[in-house]
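Enquirer: Submitted below is the structure of interest, expressed as structure tokens.
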Amino acid sequence: MIIAVIGAGVIGSAVAKALATSSGKDRIIASDIRVEQLFNLEKEGVKTTMNNIEAAAAADVIILCVKPLDVKTVLSQIQNEIKGKLVISMAAAINLELLKKCAPYAKFVRAMPNLGIIVRESFTAYCSEHGFSSKDKEIVERILRSFGTVAVVEENKMNAVTALSGCAPGYLSSLMELIVQGGTEIGLPTEFSLTALAQSMIGTGKVILETKKFPADVMKMVATPGGVTEEELSELAKYPFQQAFKSILQIGVEKSREITRKLLDEC
Ligand SMILES: NC(=O)c1ccc[n+]([C@@H]2O[C@H](COP(=O)([O-])OP(=O)(O)OC[C@H]3O[C@@H](n4cnc5c(N)ncnc54)[C@H](OP(=O)(O)O)[C@@H]3O)[C@@H](O)[C@H]2O)c1
């Protein structure tokens with residue numbers, strides 16, 4: 001099976017590299033309008049082209065990794081080459097209705113990964129159009145599993161998934177930056193704090209995933225009465241932290257809706 005990756009930027013190049021490892025370099029063709037994006041992939045032995053039509057024609061499955069506002073342009077270019085083929089769109093806010101309007105004869109999957117693809121630790125949620133066969137599901141899940149963990153969701157949850165896990169590497173990094181700045185104020189070198197914090201995040205995430213504990217349970221396990229963590233958590237509770245996270249997720253969902261409305265209006 002040949003897989004075309006269209007758009008070889010941050011996500012597309014990570015997708016192409018992960019697939020080259022899991023499926024073999026000769027099974028992947030990446031396309032982009034920027035030669036410099038393709039150069040790095042070529043160095044890793046991935047076949048590349050600047051012609052989306054050539055990539056789509058050569059492939060059995062096409063993965064769209066262009067920015068949301070470029071999806072329509074790309075689909076209009078390749079609509080004849082993707083008839084009857086599986087197309088996985090990674091674009092935020094582009095719903096199945098919009099994809100189908102652009103290319104009615106392709107079989108679409110809407111997926112939302114995150115930056116974890118780079119190290120094969122993405123959380124990727126996906127939904128598919130009606131009438132998806134079990135063979136199609138198997139192909140899609142095999143592809144997405146090579147990026148990390150996979151979950152199926154109803155399409156009406158995709159904007160929420162985008163806000164929560166799609167954007168998580170962004171807001172978690174913002175949080176880490178603040179904590180590391182705090183680390184320098186208590187005498188720790190930046191690089192040391194960053195390693196300590198990143199490893200602590202991996203460890204906490206794994207404890208939650210592997211022991212199935214809730215964050216409240218983890219907090220109880222760490223915060224012994226009268227201890228240091230308890231003191232830190234009660235200080236944290238004085239700041240409007242909860243409101244900030246509620247607000248960023250709601251704004252994320254609204255931004256996706258705004259992009260969808262804009263693109264549907266233009267159709
Ligand atoms: N970045 C993330 O963390 C993340 C997470 C989840 C989902 N996504 C989704 O993944 C998609 C890609 O995001 P990204 O961050 O990887 O974007 P990116 O780094 O900008 O990569 C997109 C690439 O596609 C190229 N491109 C633009 N028009 C094209 C065309 N007509 N044909 C072929 N290539 C074209 C772009 O070139 P130019 O720069 O010249 O336009 C760029 O090299 C987006 O839809 C985004 O919503 C991203």
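Taken together, the values in this text are just the output of simple stated rules run on the coordinates, not laboratory data. Note that the structure is predicted; figures quoted are calculated from it, not measured. So basically every Cβ, Gly included, is an ideal-geometry build from the backbone, and we count neighbours across all protein chains shown.
Enquirer: Separation of region 21-44 and region 147-166 by C-alpha centroid, Å?
Expert: The distance from the Cα centre of region 21-44 to that of region 147-166 comes to 26 Å.
Enquirer: Next question, about the same structure. Order these by the 10 Å Cβ neighbour count, fewest first: Asp217, Asp265. Intermediate results must be reported in sequence, preceding the final value.
Expert: Values: Asp217 13, Asp265 7.
Fewest-to-most Cβ neighbours within 10 Å comes out as Asp265, Asp217.
Enquirer: Hey, what angle do you get for helix 10-23 against the long axis of the chain, alpha-carbon based, 0 to 90 degrees rounded to 10?
Expert: 70
Enquirer: Another one. With a 10 Å radius around each residue's Cβ, average the other Cβ atoms per peptide and rank 13-21, 178-186, highest first.
Expert: Numbers: 13-21: 23.0, 178-186: 12.2.
Top to bottom by mean Cβ count within 10 Å: 13-21, 178-186.
Enquirer: Read phi for every residue in region 146-158 and hand back ³J(HN,Hα) as whole Hz from Karplus 6.51 cos²θ - 1.76 cosθ + 1.60, θ = phi - 60°, with x for Gly and Pro.
Expert: 6, 9, x, 7, 10, 9, 9, 9, 5, 4, 5, 9, 5
Enquirer: Follow-up question, since we're still on this one. Taking 51 Å as R0, compute the FRET efficiency from the Cβ-Cβ separation of Val35 and Ile179 and round it to 0.05.
Expert: Efficiency, from the Cβ-Cβ distance: 0.85.
Enquirer: Turning to a different aspect of this structure: Give me the distance in nm between label points sitting 7 Å out from Cα along the Cα-to-Cβ direction at Tyr239 and Ile251, one decimal.
Expert: For Tyr239 paired with Ile251, the spin-label model returns 1.6 nm.
Enquirer: Here's something else I'd like to know. May I ask you to work out the translational diffusion coefficient for the chain at 10 °C, viscosity 1.306 mPa s, via Stokes-Einstein with Rh from the Kirkwood sum over Cα pairs, reported in whole µm²/s? It would help to have the intermediate numbers written out before the result.
Expert: On the way: Rh = 20.3 Å.
The estimated diffusion coefficient comes to 78 µm²/s.
Enquirer: Could you tell me the distance between the Cα centroids of region 234-267 and region 51-80, to the nearest Å?
Expert: 29
Enquirer: Which trypsin sites (Lys or Arg not before Pro) does region 28-93 hold that lie in a coil by DSSP with at most 15 other beta carbons within 10 Å? Walk me through the numbers before you get to the answer.
Expert: On the way: sites: Arg34, Lys43, Lys47, Lys72, Lys83, Lys85; in loops: Arg34, Lys83, Lys85.
Taking region 28-93 and a limit of 15 other Cβ atoms within 10 Å, the loop trypsin sites (Lys or Arg not before Pro) found are Arg34, Lys83.
Enquirer: Roughly speaking, what % of Cα-Cα pairs in region 3-155 are separated by over 27 Å, rounded to a whole number?
Expert: Working: 1337 of 11628 pairs.
Cα-Cα pairs in region 3-155 separated by more than 27 Å: 11 percent.
Enquirer: Report Rg/Rh for region 157-220, rounded to two decimals, where Rg is the Cα radius of gyration and Rh the Kirkwood radius. Show your work: numbers first, answer last.
Expert: Details: Rg = 14.0 Å, Rh = 13.4 Å.
Radius of gyration over Kirkwood radius for region 157-220 works out to 1.05.
Enquirer: Taking the 0 to 90 degree range and rounding to the nearest ten, how far is the long axis of helix 134-145 tilted relative to the main principal axis of the chain, both from C-alpha atoms?
Expert: Tilt relative to the chain: about 50 degrees.
Enquirer: Still on this structure: Jot down the radius of gyration and Dmax of region 97-156, Cα atoms only, both in angstrom.
Expert: Computed over the Cα atoms of region 97-156, radius of gyration and Dmax are 12.1, 34 Å.
Enquirer: Test of understanding: what is the full-extension gain from Lys100 to Met1, defined as 0.36 nm times their sequence separation minus their Cα-Cα distance? The partial results should precede the final answer.
Expert: Details: separation 99, 0.36 × 99 = 35.64 nm, distance 2.33 nm.
Gain on extension, Lys100 to Met1, equals 33.3 nm.
Enquirer: Note down the relative contact order for the chain as a percent, whole number, built from C-alpha pairs under 8 angstrom at least six residues apart. Before the final figure, lay out each step's value.
Expert: On the way: 394 pairs, mean separation 37.0, N = 267.
Reported as a whole number, the value is 14 percent.
Enquirer: Let me ask you something else. Counting pairs of alpha carbon atoms under 8 Å apart in space and at least six apart in sequence, what relative contact order in percent does region 3-155 give? Kindly include the intermediate steps, with their values, before the conclusion.
Expert: Values: 312 pairs, mean separation 29.9, N = 153.
Here the relative contact order equals 20 percent.
Enquirer: Now for a separate question. If I stretch the segment between Arg261 and Thr190 completely, what's the gain in nm (0.36 nm per residue apart, minus their alpha carbon distance), one decimal?
Expert: Values: separation 71, 0.36 × 71 = 25.56 nm, distance 4.27 nm.
Result for the pair: 21.3 nm of gain on full extension.
Enquirer: Where does helix 241-266 land angle-wise versus the long Cα axis of the chain, in degrees 0 to 90, nearest 10?
Expert: Tilt relative to the chain: about 10 degrees.
Enquirer: Next question. Among bridges DSSP assigns within region 1-135, what percent are antiparallel (round to 5)? Walk me through the intermediate numbers first.
Expert: On the way: 4 of 23 bridges.
Antiparallel bridges make up about 15 percent of those DSSP assigns within region 1-135.
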